[in-house]
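Data first, discussion second: the structure below is written as structure tokens.
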Amino acid sequence: MPWGLVVLVAVLVQSTLLSRVELWGVHPNLVFVLVASWALLRGRREAIGWAVGGGLLFDLFSATPFGTFTVPMLIVTFLLGYAEKLPFHLNLPLALAILFLASLLFTMLTLVLLQSLGWQVAWAIKLALMPRIAIVDLLTFALFYRPMRWLSLLAGGPKIEWT
């Protein structure tokens, strides 16, 4: 299965449809959620490719400086790879907690990168929105968990089971 097509479709949906969807004042971040889900399901090695592809494509479709999404997505995906080193099977509540923290980190890194590139960041507003962003990412994860698990099973090889 051409996994790049999954990432491309996610970026197109993110850029065209989800940019118009708003929950609690924030937009769902489908690309990040799919990349993070793949990292939790398949590990760092496979997810890095998704992070590069998703980040680069998302950068191409956004009005922000190139690399604004790729760099934070790569950093967070690399860190999510440590979840595969856990000495016990990953369970769903733990996965949700990890994804919540990963979402906060991804958002913070993106904002820091934008600020360092000279963009004005309204820190008080953005920091107040961060918990909502993470919650919307968790809801997006809940919607896409089964399809991502199915793709993981279709890919074969190692997988992490939820207990």
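The values are calculated or read from the model by the stated rules, or taken from the named source; none is laboratory data. What you see is a predicted model; the values in this text were computed from it and never measured. Cβ sites come from the backbone with ideal geometry, for glycine too, and all protein chains shown count toward neighbours.
Taken residue by residue, the range 50-61 has at least one member that is out of contact with any strand residue (DSSP E or B) (no Cβ under 8 Å at 6 or more places or on another chain), among the aromatic types (F, W, Y) and under 21 Å from W150 (Cα atoms). Please go through the range 20-54 and pick out each residue that is out of contact with any Gly (no Cβ under 8 Å at 6 or more places or on another chain) and small (G, A, S). Those that are out of contact with any Gly (no Cβ under 8 Å at 6 or more places or on another chain) and small (G, A, S): G25, A36, S37, G49, A51, G54.
Within the range 134-149, is there a residue that is closer than 23 Å to R42 by Cβ, of a type in the set (A, V, I, L, M) and over 15 Å from the mean Cα position of the chain (by Cα)? No, the range 134-149 contains no residue that is closer than 23 Å to R42 by Cβ, of a type in the set (A, V, I, L, M) and over 15 Å from the mean Cα position of the chain (by Cα). A search for C-beta distances below 6 Å between a residue of the range 33-44 that is farther than 12 Å from L74 by Cβ and in contact (Cβ under 8 Å) with a residue 12 or more places away in the chain and any residue that is assigned to a helix (DSSP H, G or I) and not aliphatic (A, V, I, L, M), counting only pairs 6+ apart in sequence or on different chains, returns V33/D137; V33/T140; V33/F141; W38/W50; L41/S152; R42/S152; G43/E84. Residues that are without any contact (Cβ under 8 Å) to a residue 40 or more places away in the chain and closer than 20 Å to H27 by Cα do occur in the range 69-91, at least one of them. Residues that are touching a residue at least 24 places away in the same chain (Cβ under 8 Å), closer than 24 Å to L154 by Cβ and in contact with a Phe, Trp or Tyr (Cβ under 6 Å, 6 or more places away or on another chain): does the range 17-31 have at least one? Yes - at least one qualifying residue is present in the range 17-31. Restricted to helices (runs of 4 or more DSSP H) entirely inside the range 1-111, those with at least 2 residues that are polar (S, T, N, Q) and either at pLDDT 90 or above or surrounded by fewer than 16 Cβ atoms within 10 Å (Cβ to Cβ) (or both) are 70-80. Applying the criterion of being free of Cβ contacts under 8 Å to residues at least 40 places away in the same chain and part of a helix (DSSP H, G or I) to the residues of the range 112-121, the residue that is nearest to L41 (Cα to Cα) is V112.
For every residue, the table says whether it meets (1) surrounded by 14 or more Cβ atoms within 10 Å (Cβ to Cβ); (2) charged (D, E, K, R); (3) at pLDDT 90 or above.
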position: A124; (1), (2), (3): no, no, no
position: I133; (1), (2), (3): yes, no, yes
position: D137; (1), (2), (3): yes, yes, yes
position: F144; (1), (2), (3): yes, no, no
position: L151; (1), (2), (3): yes, no, no
position: G157; (1), (2), (3): no, no, no
position: T163; (1), (2), (3): no, no, no
